[in-house]
Every structure is written in structure tokens, then in C-alpha cells.
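The values are calculated or read from the model by the stated rules, or taken from the named source; none is laboratory data. All of these numbers come straight from a predicted model, not from anything done at the bench. When we count neighbours, we look across all protein chains shown, and the Cβ atoms used for this are built from the backbone with ideal geometry, even at glycine.
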Amino acid sequence: MTQKSPILKLPIAGLSMLAAATLLVLAPGAATAQQYPNKPVRFIIPFPPGGPTDIMGRLAADILAKGTGQQFVPDNRGGAGGNIGAELCAKAPPDGYTICMITAAQGVSPAIYRKMSYDPARDLATITLMANLPSLLTVHPALPVKTVGDLLALAKSKPGALSYASTGNGSSPHMLMEMFKFMTGTKMVHVPYKGQAPAVVDQLSGQVQLAFNTAISVMPQVEAGRLRAVAISSKDRFPPMPNLPTVEEGGVKGFDGGSWQGVGAPAGTPADIIRRLNTLLVTELKTPAMREQLLKRGGLVSANSPEEFSAYLKAEIARWTKIARAANITID
């Protein structure tokens with residue numbers, strides 16, 4: 001009589017556990033790649049509704065929702081120049097179910113804040129840069145200013161009399177104007193807000209006289225005549241407004257700056273999840289229709305790889321650190 005193999009006497013449950021353990025050892029990332037996302041994903045937008053980060057964040061959420069068939073739920077957490085929302089993202093579980101917008105503010109903050117409870121370059125995993133957003137130097141129509149030269153003449157004749165709005169301490173609009181003041185020797189009063197939408201509202205009402213606003217957020221107001229565009233912040237002219245001179249052309253030699261928007265996640269998020277999200281976003285952003293849509297709204301598509309975005313973020317931190325030190329800008 002033939003004896004049965006001893007392994008056949010193992011309980012079925014034992015065999016199942018052994019097989020599962022073997023699969024986990026052989027392919028630790030397979031389950032993540034196949035199953036993600038199997039529930040809604042929290043998408044932190046570190047500025048209030050209505051501004052450029054909100055616009056770009058909701059666009060990214062829509063792209064990812066369509067690509068995965070799962071909800072990416074926008075969660076606006078404004079404050080502290082974008083640092084409140086970014087810190088929430090950095091300290092969230094790195095499981096792919098929390099992602100966030102990373103903005104120019106995260107390139108500036110390490111340069112100006114004395115104390116930060118997170119490090120953008122270390123604690124955030126970059127997914128992709130979405131777009132560069134040139135800023136319009138805008139003034140209230142009641143202000144007798146049509147050129148950079150007019151603004152400089154007025155500011156120098158009345159030191160400290162003009163006020164400018166920003167989206168918060170350390171935000172791109174704040175740093176652009178501080179760079180403008182430093183390079184021109186002018187004095188103006190900073191009025192910080194929690195986001196671009198409330199800042200623009202007060203500029204429209206005349207509560208503040210001027211600001212650097214991302215083109216994507218104020219082009220409709222400029223076209224309607226509710227704000228006057230004086231110059232564009234970038235080194236080159238802006239294609240949708242080809243007749244608008246740059247700040248440098250207005251007489252501030254070497255001036256070049258703007259905002260940018262990207263997508264990130266907590267550091268340690270599995271690489272396969274980062275790659276999948278990158279592929280979905282970059283593929284859609286590079287379509288002619290999306291490029292045209294963003295250009296009309298004031299954005300220049302800059303889709304890239306996680307590694308390229310990481311290098312870009314580090315370069316931005318280094319650039320603004322030099323400017324902050326030169327202008328002696330610090331925030332406690």
C-alpha cells in the first residue's frame with residue numbers, strides 16, 4: 001500500500017497561509033499596484049477656494065478621478081502661506097490615500113521661516129510639476145499708474161503710502177513684491193491674506209492698491225477692466241498678453257519670477273503609487289487640449305518626472321534663500 005506524502009496532511013488553512021506568505025515575500029509591491037486606489041483619496045489644497053492653487057488642485061483631482069475611477073476629494077486647508085496644508089500632507093500616513101498640492105510657497109518657506117515643523121524637500125514626495133504661472137503686476141484702476149516707471153515714481157514720492165496684497169507671508173506674491181522693493185529701493189506696506197481670492201477681493205474694492213497676482217486668477221478681472229495689468233513677472237512676455245511688457249522691460253533689470261503648482265504626497269509613499277499618479281497627470285497635461293486650456297487661463301504646462309520635480313523644488317529653495325538673505329526677509 002502506497003503511503004501518502006506528509007504534506008498532504010497539512011490543513012487547508014495552513015496551506016493558504018503558507019501560499020499567501022510566499023506571495024508577499026516574492027512580490028511585496030504587487031498588491032499595492034493592483035489595488036490602489038480602492039477608496040477615496042484625500043487631496044489637500046493648502047490655500048482657500050478660488051485661487052490658483054485651488055483651480056489647479058481641482059483640475060488635478062478631476063484628472064486622477066477619471067484615470068482611476070475613484071474619488072480624489074479636495075480638502076482646502078489654507079493658512080501660514082500654504083504651510084498648514086503642506087504640513088498636514090507631510091505628516092499623513094504615506095499610503096497613497098493623502099496627496100496634496102505643492103506650490104511655490106514650499107520653495108520659499110524654508111528660506112524665510114526661522115522655525116518649521118516640516119521640511120518640504122525631505123518630508124514630501126514629489127509626483128509632478130503641473131504648470132508655471134507667471135504673475136501680473138496689477139493695480140486698482142483708480143491708481144494713476146500704467147507702467148512700471150509710473151509705479152516707481154509714485155512709490156518713491158510717497159514712501160510707505162502704497163499697500164500691496166499677498167496670499168500670505170512667504171507666498172509667491174509676497175516674495176515677488178519684496179524682491180521688487182529690494183531691487184528698486186521702494187517702500188510699500190504688506191497686507192497678507194489667507195489666499196488669492198480674498199486678496200483679490202480687497203484689491204478690487206480698493207482696500208489695497210497693488211499686487212503680484214498669478215495670471216490664472218486675475219485675467220478675467222483685467223480683461224473686464226476691474227484691475228489694470230502693468231507688467232508680467234516672468235523674464236519673457238506672456239503669450240496670451242503679448243503686448244504687456246515684462247517687469248525687466250519696465251526698468252527693473254534682472255527681475256524674473258513667478259509661481260508654480262505641482263502635486264506631491266507624504267515622503268515614503270510607495271514608488272509604484274507615485275509612478276501611477278505621475279503617468280495619469282503627465283499624460284493628460286501634455287495633450288494639446290489641456291495645454292491650450294491652461295494657456296488661456298494663464299498657465300504654462302510644465303509636466304515632468306518625480307525626480308525632475310524634486311530637483312526643481314530644491315533649486316527653488318536655494319534660489320529664494322539667496323534672495324531672502326539679500327533682502328533680510330525672515331518670519332518667526
Being surrounded by 24 or more Cβ atoms within 10 Å (Cβ to Cβ) and under 30 Å from R237 (Cβ atoms) narrows it down to one of P134, P120, P141, so name that one. P134
Quick check: anything in segment 287-300 over 30 Å from T184 (Cα atoms), of a type in the set (V, I, T), modelled with pLDDT of 95 or more and touching a strand residue (DSSP E or B) at 6+ places or on another chain (Cβ under 7 Å)? no
Of (1) crowded, with 22+ Cβ neighbours inside 10 Å; (2) at pLDDT below 95, Y113 fails just (1)
Only residues that are under 24 Å from L154 (Cα atoms) and either in contact with a strand residue (DSSP E or B) (Cβ under 8 Å, 6 or more places away or on another chain) or among the hydrophobic types (A, V, I, L, M, F, W, C) (or both): list them for segment 236-251, please. L244, P245, T246, V247, E249, G250
Return a yes/no flag: does segment 241-252 have any residue that is assigned to a helix (DSSP H, G or I) and buried (at least 17 other Cβ atoms within 10 Å of the Cβ). no
Can you tell me which residue is nearest to P48 (Cα to Cα) among those in segment 144-172 that are of a type in the set (A, V, I, L, M) and surrounded by 24 or more Cβ atoms within 10 Å (Cβ to Cβ)? A165
Can you pull out the residues in segment 57-75 that are under 14 Å from the mean Cα position of the chain (by Cα) and crowded, with 22+ Cβ neighbours inside 10 Å? G57, A60
The condition of being in a loop (DSSP other than H, G, I, E, B), within 18 Å of A326 (Cβ to Cβ) and touching a strand residue (DSSP E or B) at 6+ places or on another chain (Cβ under 9 Å) holds, among G170, G160, only for G170
N213 vs. criteria at pLDDT below 95, part of a strand (DSSP E or B) and in contact with a strand residue (DSSP E or B) (Cβ under 9 Å, 6 or more places away or on another chain): yes
Could you run through segment 258-281 and say how many residues are in a helix (DSSP H, G or I) and surrounded by 19 or more Cβ atoms within 10 Å (Cβ to Cβ)? 7
Selection count where residues are surrounded by fewer than 18 Cβ atoms within 10 Å (Cβ to Cβ) and in a loop (DSSP other than H, G, I, E, B), scope segment 216-240: 8
Let me spell it out: the conditions are (1) out of contact with any Ser or Thr (no Cβ under 7 Å at 6 or more places or on another chain); (2) more than 20 Å from G250 (Cα to Cα); (3) modelled with pLDDT of 95 or more, and V208 meets all of them except one. Which number is the exception? (1)
Answer yes if at least one residue in segment 135-150 is more than 24 Å from P198 (Cα to Cα), in the same structural domain as A199 (by TED's automatic domain parsing), in contact with a helix residue (DSSP H, G or I) (Cβ under 8 Å, 6 or more places away or on another chain) and among the hydrophobic types (A, V, I, L, M, F, W, C), and no otherwise. no
Screening W260, W320 for residues that are touching a strand residue (DSSP E or B) at 6+ places or on another chain (Cβ under 9 Å) and under 21 Å from T103 (Cβ atoms) leaves only W260
